[in-house]
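Student: This is the structure, below, for whatever I ask next.
Coordinate-derived values only; no laboratory data. Worth saying up front: this structure is predicted, and the values here are computed from it rather than measured. Cβ sites come from the backbone with ideal geometry, for glycine too, and all protein chains shown count toward neighbours.
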Amino acid sequence: MAEGRSSTCIGVLSLQGAYQKHIEMLKKLGVRAINVLYPDDLDCCDGLVIPGGETTTMTKFLKTDGNFISRIKQFAKEKPLFGTCAGLILMARRCNDPAIATLDLVDIEVQRNGYGTQANSFSTTLPCQLGEEKTTTPALFIRAPIITQCGPAVSVLAKHNGNPVLVQQGHHLAASFHPELTNNLAIYNHFLHTIVTIPV
Ligand SMILES: NC(=O)CC[C@H](N)C(=O)O
C-alpha cells in the first residue's frame, strides 16, 4: 500500500520515547499517522499506538493534563490501542511499580524492567500467531517488562521462555518488545487489518 492511501489515521502518543519510529512504520503501510500530544489530538484518530520509552516520565506528562488519562481510557472503549514495551506497561491492569498510572485496558500484571537493565537487552526470533497466520517475529527486548499474570480474556500471541510477550485482548494489542525497531511490518499489519480492520 502506498503512503497515505488509506483514510485511516493512527495516533502515536508522542509525549516521550520511540514514537517517531512508529510513525515511520505506519506511514510505510499507507496510513496517516499523527503525533498525539494533547487529548484533543485523539479526535481524528482511528487507533492509538503507545510507544516504548520510560513509563515514569510518560506518567508524569500524562498527569500534567488533567484529563489525558481519562480521555485515552474513553477512546480505548471503542478504538484499538497498540502498546510496545513502556506502552504495554501503561495498558496493563496492574504494574508492580505503584508510581505508574496504568490504564487497565488489558488484563495483565507486569513487572517493570523484568528482563533486566539496558545491558541485558537482547534480540531473538519467536514463533507468533497473528490472527489465522502462524509466523515468526523478530523480538528486541530493551529493559522490557515481564508479564507476570494474564487474565482469561487475554490471548497470548507469542511467548519467550514460556512468558507471554505479545498479547491481545479484544481490540487491544501489546508487545513487551519493539516491533518498530526491527522493521516488523507483520505485527503492524495485524493491528491495522485485523484489529483496526482497514481493508487490505
Ligand atoms: N524500552 C522500554 O520501553 C522500557 C520501559 C521502561 N523499562 C519502563 O519501565 O518504563
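Student: May I have the pair-distance distribution P(r) for the stretch 118-159, computed from all Cα-Cα distances with 10 Å bins from 0 and rounded to whole percent?
Tutor: Final binned percentages: 23, 46, 28, 3.
Student: With the contact rule set at Cα under 8 Å and sequence spacing of 6 or more, what percent relative contact order holds for the stretch 77-135?
Tutor: Relative contact order, the stretch 77-135: 21 percent.
Student: When each pair of different Cα atoms in the stretch 127-200 is counted once in the 1/r mean, what is the Kirkwood radius in angstroms, to one decimal?
Tutor: Radius from the Kirkwood sum: 12.7 Å.
Student: Which value, in debye to the nearest 20, describes the size of the charge dipole of the stretch 79-128 about its Cα centre when Lys and Arg Cβ atoms bear +1, Asp and Glu Cβ atoms bear -1, and nothing else is charged?
Tutor: That gives a dipole near 80 debye.
Student: Let's see if you can work this out: charge +1 on each Lys and Arg Cβ, -1 on each Asp and Glu Cβ, no other charges. What is the dipole magnitude of the chain about its Cα centre, in debye to the nearest 20?
Tutor: 200 debye
Student: Can you give me the Cα centroid spacing of the stretch 144-200 and the stretch 6-36 in angstrom?
Tutor: Between the Cα centre of the stretch 144-200 and that of the stretch 6-36, the gap is 17 Å.
Student: With Kirkwood's inverse mean 1/r over C-alpha pairs for Rh, give me the Rg to Rh ratio of the chain, two decimals please.
Tutor: 0.93
Student: Averaging sequence separations of C-alpha pairs under 8 Å and six or more residues apart, then dividing by the length of the stretch 76-191, give the relative contact order as a whole percent.
Tutor: 28 percent
Student: Ranking MET25, MET91 by Cβ neighbours within 10 Å, fewest first, what do you get?
Tutor: With the sparsest Cβ surroundings first, the list reads MET25, MET91.
Student: Okay, moving on. What do you get for Rg/Rh of the stretch 84-168 when both radii come from the Cα atoms and Rh is the Kirkwood radius?
Tutor: 0.96
Student: With θ taken as phi - 60° and the coefficients 6.51, -1.76 and 1.60, list the Karplus ³J(HN,Hα) couplings across the stretch 142-155 in order, rounded to whole Hz; mark glycine and proline as x.
Tutor: 10, 6, 7, x, 9, 7, 8, 8, 10, x, x, 7, 9, 8
Student: Can you give me the long-range amide H partners of HIS160? Hydrogens built in the peptide plane at 1.01 Å from N, cutoff under 5 Å, separation of 5 or more residues or another chain.
Tutor: VAL165
Student: Taking the DSSP beta bridges in the chain as the whole, what percent of them are antiparallel, to the nearest 5?
Tutor: 55 percent
Student: Does the stretch 1-51 come out rounded, prolate or oblate, given a ≥ b ≥ c as the square roots of the eigenvalues of its C-alpha gyration tensor, rounded meaning a/c under 1.5 and, failing that, prolate meaning a/b above b/c?
Tutor: Because a/c hits 1.5 or more and a/b fails to exceed b/c, the stretch 1-51 counts as oblate.
Student: Using only alpha carbon pairs under 8 Å that are at least six residues apart, calculate the relative contact order of the chain and give it in whole percent.
Tutor: Reported as a whole number, the value is 18 percent.
Student: Moving on. Could you put GLU133, GLU54, GLU180 in order, starting from the residue whose Cβ has the fewest other Cβ atoms within 10 Å?
Tutor: Ascending number of Cβ neighbours within 10 Å: GLU133, GLU54, GLU180.
Student: Over the stretch 96-140, what number does the Rg to Rh ratio reach, with both radii from the alpha-carbon atoms and Rh per Kirkwood?
Tutor: Using Cα coordinates only, the ratio equals 1.07.
Student: Sort the following peptides by mean Cβ neighbour count (other Cβ atoms within 10 Å, averaged over residues), highest first: 142-154, 68-80.
Tutor: In decreasing order of mean packing, 142-154, 68-80 become 142-154, 68-80.
Student: Could you order the peptides 55-61, 185-191, 164-170 from most to least packed, using the average number of other C-beta atoms within 10 Å per residue?
Tutor: The packing order, highest mean first, is 164-170, 185-191, 55-61.
Student: What are the ³J(HN,Hα) values, in whole Hz, obtained from phi via the Karplus relation 6.51 cos²θ - 1.76 cosθ + 1.60 with θ = phi - 60°, for each residue of the stretch 96-103 in sequence order, with x given for Gly and Pro?
Tutor: Going residue by residue, I get 5, 9, x, 6, 8, 8, 7, 8 Hz, with x marking Gly and Pro.
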